[in-house]
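The next block holds one structure in the form of structure tokens; read it before the comments.
The values are calculated or read from the model by the stated rules, or taken from the named source; none is laboratory data. Just so it is clear, the structure is predicted and the values come from calculations on it, not from any experiment. Here the Cβ positions follow ideal geometry from the backbone for every residue, glycine too, while neighbour counts run over all protein chains shown.
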Amino acid sequence: MIESAMQDDIKGSASDALKTDLMFVNLGPQHPSTHGVLRLALTLDGEVIVKSVPDVGYLHRGTEKLAELRGYHHCVVLTDRWDYISAMSNNLVFCLAAEKLMALQVPERASYLRVIMCELNRIASHLLFFGTYGIDIGAFTPFLHAFREREMVLDLFEKVSGARLTYNYIRLGGVMADLPSGWESDCQEFLGFFEGKLKEYDDLLTFNPIFMDRTKDVGLISKDEAVSWGLSGPNLRGSGVAYDIRKADPYCVYGRLDFKVCVGERGSCWDRYRVRMLEMAESVKIVRQCLKAIPAGDFMAKGVAKIPKPLPGEAYAHVDAPRGDLGIYLVSDGGFNPYRLHVRAPSFVNLAMLQKMLVGMKVADVVAVLGSIDIVLGEVDR
């Protein structure tokens, strides 16, 4: 279907006053800079893109349908595999929706622990973006710096959950386990070390003249376009829209915390990059506040059923994940398994914008634009 549309574009060029031959190019699905198995079907007039069609589905595993065959506790395991770069947010959003269905009251300590883990995961996710985006543009050194610090975050996750990628730490009613001895001091040590590195990142890449030339006036998205296309997270805030679910619709204990919503100015690739860099500094502030204010008490609600069977009903929950507004719509028919689960995946929504963003741009800028959207194909295809 995509190929036939592209052929129509090519045939249509014959009637143009200035006849040019259009070229049809596949970028992906096997390409290191598509950040997964994504195919961009591009129609080119010379070096200029005249049409862009994202083709997805190569990583589809049917997890929304699989959830209908699994109990609520087992569904949490599936969520780790969507955006596997920020699995904590996936765990959290499902648990928030399921807890609404079950009318579960989460202990205050568990809510603080959830926020701590999600913000640390935001730092780890943005570090991965920082490192790989540098490689996309042609700078290899930032990757080494980013992964050095990211490993420290993963070490903290491993101490508390036993895993370094698919954590399954946030559970229905609370979290899997309390903080091990010495974890808080280790976390504080990391935060102090990492905070000093942010200036180093700016010197290394953010304000590098070559990097700025490649990203400053590229991939522009206006405020109105960002809103009308349903963008969220850093991609929306990079266009100057100060919308953050943690502020607009607070969950867990975000309503008690002091942090600012980071925004860009022009909606360029550089603005989206800059928002993520600033957000890491805000995440450091949030984690410090949580470590200071976290109360003693239970880390898991009492009376959580081993095999939950919520009353018939429906619930929606959403969180501000590293890639944007991650939502879960959950329906119960009174059985042991969800009747229906649907995911509002920010990467899927953000990816659609490429249909408009890339038109009129040079093909050499495709990788810079795609990298700035920061998609994870596991979340797109599910």
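Checking each residue in the range 37-84 for being under 16 Å from ILE328 (Cα atoms) and β-branched (Val, Ile, Thr) picks out THR63, VAL76, VAL77, THR79. The sole residue among LEU40, LEU104, LEU113 that is in contact (Cβ under 8 Å) with a residue 24 or more places away in the chain, over 19 Å from the mean Cα position of the chain (by Cα), closer than 30 Å to MET277 by Cβ and not in a helix (DSSP H, G or I) is LEU40.
Which residue is farthest from the chain's Cα centre (by Cα), if the candidates are limited to the range 270-328 and must be part of a strand (DSSP E or B) and surrounded by fewer than 16 Cβ atoms within 10 Å (Cβ to Cβ)? If you could, list the steps in order and put the result at the bottom.
Going through the range 270-328, the residues part of a strand (DSSP E or B) turn out to be 300, 313-321, 324-328.
From what's left, surrounded by fewer than 16 Cβ atoms within 10 Å (Cβ to Cβ): 313-314, 316.
Values: GLY313: 28, GLU314: 25, TYR316: 19 Å.
Step by step, filter the range 270-328, then rank; the result is GLY313.
Would it be correct to say that GLY267 is under 23 Å from the mean Cα position of the chain (by Cα), touching a residue at least 24 places away in the same chain (Cβ under 8 Å) and closer than 19 Å to LEU96 by Cβ?
Working: under 23 Å from the mean Cα position of the chain (by Cα): yes; touching a residue at least 24 places away in the same chain (Cβ under 8 Å): yes; closer than 19 Å to LEU96 by Cβ: no.
When the stated conditions are applied, GLY267 does not pass them.
Out of all the residues in the range 59-81, is one or more surrounded by 15 or more Cβ atoms within 10 Å (Cβ to Cβ), assigned to a strand (DSSP E or B) and at pLDDT below 90? No - not one qualifying residue is present in the range 59-81. Among residues of the range 366-377 being in a helix (DSSP H, G or I) and under 11 Å from the mean Cα position of the chain (by Cα), the one that is modelled with the lowest pLDDT is LEU377. Out of curiosity, is GLU47 in contact with a Pro (Cβ under 8 Å, 6 or more places away or on another chain) and either surrounded by fewer than 18 Cβ atoms within 10 Å (Cβ to Cβ) or within 14 Å of GLY173 (Cβ to Cβ) (or both)? For GLU47, the condition - in contact with a Pro (Cβ under 8 Å, 6 or more places away or on another chain) and either surrounded by fewer than 18 Cβ atoms within 10 Å (Cβ to Cβ) or within 14 Å of GLY173 (Cβ to Cβ) (or both) - is not met. Report whether or not ARG39 is at pLDDT below 90 and among the basic types (Lys, Arg). It is true that ARG39 is at pLDDT below 90 and among the basic types (Lys, Arg). VAL227 fulfils the conditions (1) within 26 Å of VAL369 (Cβ to Cβ); (2) in contact (Cβ under 8 Å) with a residue 24 or more places away in the chain; (3) in a helix (DSSP H, G or I) except for a single criterion, (2). Just one residue in the set PHE157, PHE143, PHE147, PHE193 is assigned to a helix (DSSP H, G or I) and surrounded by fewer than 14 Cβ atoms within 10 Å (Cβ to Cβ); that residue is PHE193. Among the residues of the range 329-341, the one identified as in contact with a Phe, Trp or Tyr (Cβ under 6 Å, 6 or more places away or on another chain) and surrounded by fewer than 15 Cβ atoms within 10 Å (Cβ to Cβ) is ASP333.
Looking across the range 224-270, the residues that are more than 30 Å from GLY174 (Cβ to Cβ) and aromatic (Phe, Trp, Tyr) come down to TRP229, TRP270.
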